[in-house]
Structures are given as C-alpha cells and as structure tokens.
Amino acid sequence: MAAYIIVQIDVTDPDTFEVYRAQVPPTLEQYGGEYIVRGGVQEILEGDWPHPRCVVLKFPSMEQAKAWHESAEYEGPKALRQSASRGNMLVVEGV
C-alpha cells in the first residue's frame, strides 16, 4: 500500500535549502519515492497551517518511506534541511 510523507516547512536559510533541494531527488529514487507536491501556491481553506511551504512525497510502502527517511543516503541532506528550515513531517498510509 502506498505511503505519503507530508511536510510543512518554513525555510530560514534559502541558500542552504537550495543545496538540500538539489541533493534530495537521487535519494528518493533509490526508495521508489516521487514528488507529488513540491512547494507551489497554497491557500488555507480551514484551520491553521503554520508553515508557508508544503511537500508531499509518495512511496510504494510505509516501510520504504521510513527507510528513505532513515537512510545513509538522506542523512546529509536531512541535516541540511534541519539547519535551513523548521517544520513538521509525517508519514501516512494511502488507500
């Protein structure tokens, strides 16, 4: 069953974040991940959305999504993201 990583993010260091963005796609491919949403215009319809950027990643399974997040390949880019932004991330099974 597909799984989705959903990220709310506020970029605090745009230059470092651009380095991160360039490094992520090859790490996703190894785990069957793909971008569904990568930034873009967003409009809050209900409730609070505390961060101005949204990213949605799709993986073939929850296991592959979590394996990517904890992988050696993503370790360096993850550290860049964490130093250049703040936000929330979750993984959820699809239907």
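No value in this document is a laboratory result; all are computed from the given coordinates. These numbers come from a predicted model, not from an experiment. For neighbour counting, all protein chains shown are included, and Cβ atoms are generated from backbone atoms with ideal geometry for every residue, glycine included.
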Expressed to one decimal in nm², the mean projection of the alpha carbon convex hull of region 3-93 is 5.7 nm²
Measuring from its Cα centre, region 3-93 shows a charge dipole (+1 at each Lys and Arg Cβ, -1 at each Asp and Glu Cβ) which, in debye to the nearest 20, is 60 debye
Note to self: C-alpha centroids of region 40-95 and region 1-19 sit apart, in Å, by 6 Å
Taking GluC sites (Glu not before Pro) as exposed when in a DSSP loop with at most 12 other Cβ atoms inside 10 Å, the chain has its longest clean stretch at 1-42
With the 8 Å Cα cutoff and a minimum separation of six or more residues, the chain has a relative contact order in percent of 54 percent
